Amino acid sequence: MAAKMSVRRTLYLSGISHTDQLSFVFGSINGQLRSAFSKLSALHAKNVFSFAIVTGNLFSEAQDDDQLTDLLEGRIDIPCPIYFTVGTIALPPRVVERVEKDEEVAPNLHYLGKRSVTKTSEGVRIVTLGGVLDPNIVAGPSKDQYEPFHTDGDAKALRGANNADILLTAMWPSDVWKNSPKAKELQIGAETAPSSQTMAELCEALKPRYHFATSPGDFAFEREPFFTDAAEENKDASIALTRFLSLAPWANTAKAKSMYAFTLNRDTILTPPAGSTLTPFFNRAAKQQQKRTADQAEFTRFSHPHDNDHHARRRKHHHHNNRRERSPPPGPDRCFFCLSNPNLPTHMVCAVGEDAYLATAKGPLSSSTTFAQQGLAMPGHFIITPLTHAPSLSAAAMVASGEEGEAARTFREMARFRDALQGMVAAASGRKLGGVTWEINRARNIHVHWQFMPVPAEMVSGGLVEAGFRVLAEDLKLGKLVVKDFETADEVPGDYFRVWIWAEEDGEEDGGKVAGKCLLLRFDEGVRFDLQYPRKVMAKLLGLEDRMVWQDVAQTEEEEKKDVATFREAFKEWDFTLA
């Protein structure tokens, strides 16, 4: 395998000048904290790194307790922010205890979480998936953030991040060695390192500028840069170039490369650089694109009765200094609506699409008996949420890739979930039920989402639902609702409340007449918008005022699981995520 080279040599090979803003990467440190961070301090004094990353295992299974104590008590100097995740062994209990208290592990040392999306103070977007794949866990994202394993659900949730500057994983993506002359020369293949198709799909979906993964032995592998070939009609489009690198462990006996310095190239790339190859995932990429551009028929949406300002826990700030100010802000791993949050009640998630997911509401306004006479044996209160962590759909597009099309694609899938829910409740009730879907969009939102609820179709056709929203808006002095186009009101600037009212009236045998309307209420920061406004309207219409406060009607986990099982059975015909 390749011999270890100095950092300056690595800089030269990477085409990085000493005046550029540099970042630094270690292979597994395996508990050798003093020597590794001492080396980083010496290099930092000469090069000034903006941040550093540790791939693989920062600690070891037989961790030197004295070194760990010195680290936790701040006696080991860390010259710049360092980010790490769980590798192939569990984190030490003392480290877990500190992270669970919402404290940094040590000054300038930050745990990214096992499954997370983080934006550093320098604006670098790091997507993390630590641990190895456990194929025996099939119930969705894992809840534990410290054990060295992950699930297919973890990877699928992170695909919703849509893009990354850096992807940090413990496993290699399957087939990364294909199309690679270097891999052939070094005899690297499927037996070289633990790999998975799940990881390949994540890498292909995010197209990171750098993908750093753990090396299982005393060797390093730096693959040729790879890119996805543009479609014939988009030959002038920019190229997303990915560099895959797996560094050897620190201080390995083979003297294989265990350190790497780099700078992120944010320039638009139109021509593949010399030595680069087509993506090793090209067959998979084609299948993913076909799936994304398949039929665009049905749609639905889900939402929580929690306040849209519902908040990630704050980090404790015992003191302020330059190092603390460089800490990244709380990310999706603490957002109540993000699948990357380990505390998300994943048993309430009903379906996960490419850009959004559907879940039952906690403390639903309606109960399992509310619509029983109409044939619906479940509460029917759902939340539809984009996978991308953003306050609005337009912001989601910006976070995802800066392309206007991301917002439209996410909106289409949310609408597809909404339509699917409408179709399900109409069929189950013999068209006696319609649906109401609402969205509160504010710049101060944490994570945009929609809420869906069934409503008697006669209330829709009779104008009672529309009147209910108009009257209460007037009473609360929120402003005036205006009618907007039912299908194209997806480009709305500023803060607003939006509601879709829908029902399928009895008519011809092959389908009744659709009664639908979209109402929009714009408001500015001067308006104290009541976040419970839509729930209050629906409670009054359905005679459920005694269920207004969601905490008062919270269900047991057993009841929530039962509702999800009932829903999934009824939703099979409309669930496009199963295709």
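The values are calculated or read from the model by the stated rules, or taken from the named source; none is laboratory data. Just so you know, these numbers come straight off a predicted model, no measurement behind them. Ideal geometry is used to build each Cβ from the backbone, glycine not excepted, and the neighbour counts take in all protein chains shown.
Data overview
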{"quantity": "Selection status of Gly123, under 20 Å from the mean Cα position of the chain (by Cα) and under 15 Å from Thr85 (Cβ atoms)", "calculated": "no"}
{"quantity": "Selection status of Glu61, surrounded by fewer than 20 Cβ atoms within 10 Å (Cβ to Cβ) and under 24 Å from Leu168 (Cα atoms)", "calculated": "yes"}
{"quantity": "Residue list for segment 360-375, restricted to those being surrounded by fewer than 21 Cβ atoms within 10 Å (Cβ to Cβ) and assigned to a loop (DSSP other than H, G, I, E, B)", "calculated": "Lys362, Gly363, Ser367, Ser368, Thr369, Gly375"}
{"quantity": "Filtered residue count, segment 84-111, keeping only those that are touching a Ser or Thr at 6+ places or on another chain (Cβ under 8 Å), in contact (Cβ under 8 Å) with a residue 60 or more places away in the chain and under 26 Å from Thr151 (Cβ atoms)", "calculated": "4"}
{"quantity": "Residue check for Asn162: surrounded by 20 or more Cβ atoms within 10 Å (Cβ to Cβ), of a type in the set (S, T, N, Q) and more than 17 Å from the chain's Cα centre (by Cα)", "calculated": "no"}
{"quantity": "Search result, residues across segment 128-140 that are modelled with pLDDT of 95 or more and out of contact with any Pro (no Cβ under 6 Å at 6 or more places or on another chain)", "calculated": "Thr128, Leu129, Gly130"}
{"quantity": "Segment 418-446: number of residues that are buried (at least 24 other Cβ atoms within 10 Å of the Cβ) and either free of Cβ contacts under 8 Å to residues at least 24 places away in the same chain or part of a loop (DSSP other than H, G, I, E, B) (or both)", "calculated": "0"}
{"quantity": "Test: residue in segment 213-221 that is within 23 Å of Ser50 (Cβ to Cβ), modelled with pLDDT of 95 or more, of a type outside the set (Lys, Arg) and over 27 Å from the mean Cα position of the chain (by Cα)", "calculated": "yes"}
{"quantity": "Per-region count, segment 179-198, residues in contact with a strand residue (DSSP E or B) (Cβ under 9 Å, 6 or more places away or on another chain) and surrounded by fewer than 21 Cβ atoms within 10 Å (Cβ to Cβ)", "calculated": "12"}
{"quantity": "Residue check, Ala157 surrounded by fewer than 19 Cβ atoms within 10 Å (Cβ to Cβ), among the small types (Gly, Ala, Ser) and either assigned to a strand (DSSP E or B) or at negative phi (or both)", "calculated": "no"}
{"quantity": "Residue in segment 250-272 that is modelled with pLDDT of 90 or more, in a loop (DSSP other than H, G, I, E, B) and of a type in the set (D, E, K, R) present", "calculated": "yes"}
{"quantity": "Test: residue in segment 507-514 that is among the hydrophobic types (A, V, I, L, M, F, W, C), outside any helix (DSSP H, G or I) and either in the same structural domain as Ala407 (by TED's automatic domain parsing) or at pLDDT 90 or above (or both)", "calculated": "yes"}
{"quantity": "In segment 174-204, residue nearest to Val127 (Cα to Cα) [restricted to those that are in a helix (DSSP H, G or I) and free of Cβ contacts under 8 Å to residues at least 24 places away in the same chain]", "calculated": "Lys184"}
{"quantity": "Among the candidates Phe51, Phe26, residue that is within 33 Å of the chain's Cα centre (by Cα) and under 20 Å from Asp218 (Cβ atoms)", "calculated": "Phe26"}
